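Engineer: Next up is a structure, given as structure tokens.
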Amino acid sequence: MRPITYEKQNNGVIRVGGVGLKALASEYGTPLYVMDYQTILDRMAGYQSALSDWGSAYYASKALCCRAILELVKHQGWGVDVVSGGELYTAFQAGFDARAILFHGNAKSLSEIRTGLQAGVGHFVVDSLDELERLDEEARRQEVMASVLIRITPGIAAHTHEFIRTGEFDSKFGFATEGGRADEAVNLALSLSSVRLSGFHAHIGSQILDAEPFLASAQALLMFSTALYERTGFWPQVLDIGGGLGVTYQTQDRAPTPQEVLGPVSRWMVENTPKGLKPPRIWVEPGRSIVADAGFTLYRVDSVKTTPTGRTYVTVDGGMGDNVRPALYGAEYAGELDEKPEGLQSRTVAVAGRYCESGDVLMGSVELKDPKAGDLLVVWTTGAYAYSMASTYNRVPRPAMVMVRAGQASIWVERETWGDLVQHDQPLVLRD
């Protein structure tokens, strides 16, 4: 839930990465996204240890995409998973070798396909027959080969919010194993002259707090591959089981470790690969489980007021513009106030945002110690999908992002200004 460098003194002063929250707010303003360097490295090391030499990790950049985080990922020797031309461009700005890039996305434009092929992207994860044909046509035009993974929908229901379940047969993503859809995609891929099929991909959802669905997905991929081999003689080099490992947003959450997920997957693959064939290499695409715990958001309390019904609202200077997840699908967070010493009585309050929407409530019910206007509120576990999904609703500029490490802070993303908001606006022109 909190970064591993979290410290709280008896006087209530909170430090992360050796830096006090008050100092961060003073220098960089609020709202402010903060990332703890050491926690990111710790989470990556967990995957590297679990994968050993039989698998590879690709950071899912949709969780948090900016140049600095991708440079850090690259420095650790990982690949990167992108889902758009913008994420692809950011990966190039971070210095990634195109061969270390997985290009996802269920609706890639022809321009994005063309750019990826020209750059030499390592693999495209294919989501439709139309995309396969476009890839083949553009690859032939460029006289290159397009290496692909076909996205399989295995029909596995992960226990998570319906908006982030992606492995069921009715999902918009991939080719269902039911009804021959996946077989049709494989047959087409094997028939195309400028497409090279490397293997299969499945992603069953996000914020999954159970190891079993990942093993079930891997089993489904291997069984599909075995049946395909018996029919066509094709055997995959790669099985990509995607990402989705959950994190601890609330104290009752219990997320499995990478070893608890990947250990059984590795053993099952070795034991069940047909004789005479090499077990496919396993790829994973963690995003949230790398950056969520590492990140938090600082807010300044604007006001505290109690309604006639007795509900107390603590209103802060940010909200759904910098973290839309609570409004979008009821995401729950933990938080606390800085500089609140032991012994102060807590109150049950709702934390509301500044945006002109009644649904702009960051935390519907949280215990805070003696909240007052001017206090610093920290909301934990916002490193994933807060900045990535941020907007300029109400024409409020998006916050800055900083990284803390060994007592120092460095800027990762500059705070937007009012000038940034209007830089693409054009004046009204009336013609008679």
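The values are calculated or read from the model by the stated rules, or taken from the named source; none is laboratory data. These numbers were taken from a predicted model, which means no experiment stands behind them. Positions of Cβ are backbone-derived with ideal geometry, glycine not excepted, and every protein chain shown enters the neighbour counts. Just so you know, the surface numbers come from the protein's heavy atoms only, side chains and all, with ligands and any DNA or RNA stripped out. Shrake-Rupley method; radii C 1.70, N 1.55, O 1.52, S 1.80 Å.
Engineer: Considering the range 288-325 alone, what residues qualify as being part of a loop (DSSP other than H, G, I, E, B) and surrounded by fewer than 17 Cβ atoms within 10 Å (Cβ to Cβ)?
Structural biologist: The answer is Thr307, Pro308, Thr309, Gly310, Arg311.
Engineer: Regarding Ser225, is this residue at pLDDT 95 or above, in contact with a helix residue (DSSP H, G or I) (Cβ under 7 Å, 6 or more places away or on another chain), surrounded by 17 or more Cβ atoms within 10 Å (Cβ to Cβ) and among the hydroxyl-bearing types (Ser, Thr, Tyr)?
Structural biologist: Values: at pLDDT 95 or above: yes; in contact with a helix residue (DSSP H, G or I) (Cβ under 7 Å, 6 or more places away or on another chain): no; surrounded by 17 or more Cβ atoms within 10 Å (Cβ to Cβ): yes; among the hydroxyl-bearing types (Ser, Thr, Tyr): yes.
When the stated conditions are applied, Ser225 does not pass them.
Engineer: Considering only residues of the range 343-355 that are assigned to a loop (DSSP other than H, G, I, E, B) and of a type in the set (Gly, Ala, Ser), which is surrounded by the most Cβ atoms within 10 Å (Cβ to Cβ)? Before the answer, list the steps.
Structural biologist: The initial filter retains those residues of the range 343-355 that are assigned to a loop (DSSP other than H, G, I, E, B), namely 343-345, 353-355.
If we keep only those that are of a type in the set (Gly, Ala, Ser) too, we end up with 343, 353.
On the way: Gly343: 8, Gly353: 27.
In this case the residue turns out to be Gly353.
Engineer: Would you check if there is a residue in the range 139-149 being closer than 20 Å to Ser56 by Cβ, of a type in the set (S, T, N, Q) and touching a residue at least 12 places away in the same chain (Cβ under 8 Å)?
Structural biologist: Among the residues of the range 139-149, at least one is closer than 20 Å to Ser56 by Cβ, of a type in the set (S, T, N, Q) and touching a residue at least 12 places away in the same chain (Cβ under 8 Å), which makes the answer yes.
Engineer: What's the total number of residues in the range 94-109 that are open to solvent by less than 30 Å² (accessible area, probe 1.4 Å) and either part of a loop (DSSP other than H, G, I, E, B) or of a type in the set (Phe, Trp, Tyr) (or both)?
Structural biologist: The total comes to 6.
Engineer: Taking Ala189 as meeting all but one of (1) part of a helix (DSSP H, G or I); (2) modelled with pLDDT of 90 or more; (3) open to solvent by 10 Å² or more (accessible area, probe 1.4 Å), write down the number of the exception.
Structural biologist: (3)
Engineer: Something else about it: Considering the range 223-255 alone, what residues qualify as being of a type outside the set (A, V, I, L, M, F, W, C) and either in contact with a Leu (Cβ under 7 Å, 6 or more places away or on another chain) or not in a loop (DSSP other than H, G, I, E, B) (or both)? Quick ask: steps written out before the conclusion?
Structural biologist: Restricting attention to the range 223-255, the residues satisfying the condition of being of a type outside the set (A, V, I, L, M, F, W, C) are 225-226, 229-233, 236-237, 240, 242-244, 246, 248-254.
Within the range 223-255, Ser225, Thr226, Tyr229, Glu230, Arg231, Thr232, Asp240, Gly246, Asp253, Arg254 meet the criteria.
Engineer: If you don't mind, there's one more thing I want to ask. From the set of residues in the range 228-252 that are in contact with a Ser or Thr (Cβ under 6 Å, 6 or more places away or on another chain) and free of Cβ contacts under 8 Å to residues at least 60 places away in the same chain, which is most open to solvent (accessible area, probe 1.4 Å)?
Structural biologist: Gln237
Engineer: Exactly one of these conditions fails for Ser358: (1) farther than 18 Å from Tyr333 by Cα; (2) assigned to a loop (DSSP other than H, G, I, E, B); (3) open to solvent by 50 Å² or more (accessible area, probe 1.4 Å); (4) in contact (Cβ under 8 Å) with a residue 12 or more places away in the chain. Give me its number.
Structural biologist: (4)
Engineer: Name the residue that is farthest from Val80 (Cα to Cα), counting only residues in the range 116-128 that are in contact with a helix residue (DSSP H, G or I) (Cβ under 6 Å, 6 or more places away or on another chain) and in a helix (DSSP H, G or I).
Structural biologist: Leu117
Engineer: Of everything in the range 398-414 that's open to solvent by 30 Å² or more (accessible area, probe 1.4 Å) and assigned to a loop (DSSP other than H, G, I, E, B), which residue is nearest to Lys340 (Cα to Cα)? Talk me through it step by step, then tell me what you get.
Structural biologist: Quick first cut of the range 398-414, residues open to solvent by 30 Å² or more (accessible area, probe 1.4 Å) only: 398, 405-412, 414.
Filter once more, keeping what is assigned to a loop (DSSP other than H, G, I, E, B): 398, 406-407, 414.
Details: Arg398: 28, Ala406: 24, Gly407: 21, Glu414: 29 Å.
Per the criteria, the residue is Gly407.
Engineer: Output the number of the condition that Phe124 fails; it satisfies all remaining conditions of (1) open to solvent by 20 Å² or more (accessible area, probe 1.4 Å); (2) over 29 Å from Thr39 (Cα atoms).
Structural biologist: Result: Phe124 fails condition (1) only.
Engineer: Determine if the range 82-89 includes at least one residue that is open to solvent by less than 60 Å² (accessible area, probe 1.4 Å), free of Cβ contacts under 8 Å to residues at least 60 places away in the same chain, over 22 Å from Ala202 (Cα atoms) and not in a helix (DSSP H, G or I).
Structural biologist: no
Engineer: Moving to a separate point now. Here is a list: Lys372, Lys340. Which entry is of a type in the set (Lys, Arg), in a loop (DSSP other than H, G, I, E, B) and buried (at least 20 other Cβ atoms within 10 Å of the Cβ)? Outline the logic, then answer.
Structural biologist: Working: Lys372 fails: buried (at least 20 other Cβ atoms within 10 Å of the Cβ).
Going through Lys372, Lys340 in turn, the sole match is Lys340.
Engineer: Can you say whether Glu162 is out of contact with any Gly (no Cβ under 8 Å at 6 or more places or on another chain), at pLDDT 90 or above and of a type in the set (Asp, Glu), as far as the supplied structure shows? Give the derivation first.
Structural biologist: On the way: out of contact with any Gly (no Cβ under 8 Å at 6 or more places or on another chain): yes; at pLDDT 90 or above: no; of a type in the set (Asp, Glu): yes.
So Glu162 does not fit the description; no.
Engineer: Could you list all residues from the range 1-41 that are in a loop (DSSP other than H, G, I, E, B) and either open to solvent by 20 Å² or more (accessible area, probe 1.4 Å) or of a type in the set (A, V, I, L, M, F, W, C) (or both)? If you could, list the steps in order and put the result at the bottom.
Structural biologist: Going through the range 1-41, the residues in a loop (DSSP other than H, G, I, E, B) turn out to be 1-6, 9-13, 17-18, 29-31.
Residues satisfying the conditions are Met1, Arg2, Ile4, Thr5, Tyr6, Gln9, Asn10, Asn11, Val13, Gly18, Gly29, Thr30.
Engineer: Return yes or no: is Gly383 on the phi < 0 side of the Ramachandran plot and modelled with pLDDT of 95 or more?
Structural biologist: On the way: on the phi < 0 side of the Ramachandran plot: yes; modelled with pLDDT of 95 or more: yes.
Yes; evaluated as a whole, the condition is true for this residue.
Engineer: Checking Val378 against (1) of a type outside the set (D, E, K, R); (2) closer than 22 Å to Ala400 by Cα; (3) surrounded by fewer than 21 Cβ atoms within 10 Å (Cβ to Cβ): exactly one of these is not met. Which one?
Structural biologist: (3)
Engineer: Which count do you get for residues in the range 193-222 that are open to solvent by less than 50 Å² (accessible area, probe 1.4 Å) and part of a strand (DSSP E or B)?
Structural biologist: Here the count works out to 8.
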